[in-house]
Amino acid sequence: MLIEVKAKVSRIIDSKLRKRTETYLIDKELYAEAEYAVMSSLANEQELGTVESSEIISLRQSPIKEICEDTMPGSAFTFIATLKDIFHDDNGNEKSMRYKVLLWANDLSQANQRTQQLARQGYDMQIEGIKQVEYEYLTGQENEQESED
């Protein structure tokens, strides 16, 4: 299950203390595991001196249903694409299902191209929207390291 964890973080940026709300996305089965993983990650940053303080303010099941991890390396920005899959039920009624995909790209144009590739995988999928977000995705390797500590 993908869990979104929001944290209030006081970061030291350009020698100034900046308070901001950060969103982390993590694949865990329990909310407690997700909270622990994010707090551990922030504690490591605190030891490095980039974070002064942090506090978890919310946890929720993410509306994101898929992560396009093959777009991660070398991409500068994080995007959420909303796709709509249109199909017909047994009675011939048209139905639709919306879902969100997290992906990485260098700009909106590249994100649109990657979303079009994803949409072609379905029979009758349409792109409803793409927006840039500031999510921190804790990958499976980071998750494993947190559970070993």
Hey, can you tell me all the residues within the stretch 16-73 that are hydroxyl-bearing (Ser, Thr, Tyr), surrounded by fewer than 18 Cβ atoms within 10 Å (Cβ to Cβ) and part of a loop (DSSP other than H, G, I, E, B)?
THR50
Matching residues, the stretch 81-112, being at pLDDT 90 or above, hydroxyl-bearing (Ser, Thr, Tyr) and in a strand (DSSP E or B):
THR82
What residue, of THR78, THR115, is at pLDDT 85 or above, surrounded by 14 or more Cβ atoms within 10 Å (Cβ to Cβ), of a type outside the set (D, E, K, R) and assigned to a strand (DSSP E or B)?
THR78
Of all residues in the stretch 77-107 being among the aliphatic types (A, V, I, L, M) and touching a Gly at 6+ places or on another chain (Cβ under 8 Å), which is farthest from GLU128 (Cα to Cα)?
ALA81
In this structure, is ALA43 within 14 Å of LEU138 (Cβ to Cβ), over 13 Å from the mean Cα position of the chain (by Cα), outside the structural domain of ARG120 (by TED's automatic domain parsing) and free of Cβ contacts under 8 Å to residues at least 60 places away in the same chain?
yes
Test set (1) farther than 16 Å from LYS8 by Cα; (2) within 17 Å of the chain's Cα centre (by Cα) - GLY49 fails condition number:
(2)
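The values are calculated or read from the model by the stated rules, or taken from the named source; none is laboratory data. Note that the structure is predicted; figures quoted are calculated from it, not measured. Neighbour counts run over all protein chains shown; Cβ positions are idealised from the backbone, glycine included.
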